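> Supplied in structure tokens, the structure appears directly below.
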Amino acid sequence: MASATMMQGDEVVFARLDLAEILGIWRHARGRVVGIHRSGEAPATVDVKFQGHDTLERYLPDLFRSAA
């Protein structure tokens, strides 16, 4: 699962290109994880910042993959 290895500061791209298009962000834009939220047994969520866009807050990490 992506959330197990995703850390704050990691550079990511969209794993779901349809989501990028819906949000109006370039399909291969690189973002940076700026926050990780864990709450009990619920799946962790992440905040990702893409240059020129508002921070995407509390998205499932599986929607992104490492940019490396």
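> Hey, could you check region 15-51 for residues that are assigned to a loop (DSSP other than H, G, I, E, B) and basic (Lys, Arg) and say which is most open to solvent (accessible area, probe 1.4 Å)? Spell out how you get there, then give the answer.
Taking region 15-51 first, the residues assigned to a loop (DSSP other than H, G, I, E, B) are 15-16, 24-30, 40-41, 51.
Among the residues that remain, those that are also basic (Lys, Arg) are: 16, 27, 30.
Details: Arg16: 111, Arg27: 93, Arg30: 131 Å².
Per the criteria, the residue is Arg30.
> Still on this structure: Output the residues belonging to region 52-68 that are open to solvent by less than 60 Å² (accessible area, probe 1.4 Å), of a type outside the set (Phe, Trp, Tyr) and part of a strand (DSSP E or B).
Leu56
> Counting only residues that are of a type in the set (Gly, Ala, Ser) and in contact (Cβ under 8 Å) with a residue 40 or more places away in the chain, how many does region 19-53 have?
First pass over region 19-53, keeping only residues of a type in the set (Gly, Ala, Ser): 20, 24, 29, 31, 35, 39-40, 42, 44, 52.
Within this subset, residues satisfying the condition of being in contact (Cβ under 8 Å) with a residue 40 or more places away in the chain are 44.
Summing the residues that are of a type in the set (Gly, Ala, Ser) and in contact (Cβ under 8 Å) with a residue 40 or more places away in the chain in region 19-53 gives 1.
> Let me ask you something else. Can you tell me which residue within region 1-14, out of those that are in a loop (DSSP other than H, G, I, E, B) and open to solvent by less than 50 Å² (accessible area, probe 1.4 Å), is modelled with the lowest pLDDT? Explain how you work it out, then say what you get.
Within region 1-14, the first condition is being in a loop (DSSP other than H, G, I, E, B), and the residues that meet it are 1, 6-10.
Checking the rest, the ones that are also open to solvent by less than 50 Å² (accessible area, probe 1.4 Å) come to 6, 9.
Working: Met6: 88, Gly9: 97.
Checked region 1-14; the qualifying residue modelled with the lowest pLDDT is Met6.
The values are calculated or read from the model by the stated rules, or taken from the named source; none is laboratory data. These numbers come from a predicted model, not from an experiment. Don't worry about glycine lacking a Cβ; one is built from the backbone with ideal geometry, like all the others, and counts go over all protein chains shown. These accessible areas exclude ligands, DNA and RNA; they are computed on the full protein's heavy atoms, side chains included. Shrake-Rupley method; radii C 1.70, N 1.55, O 1.52, S 1.80 Å.
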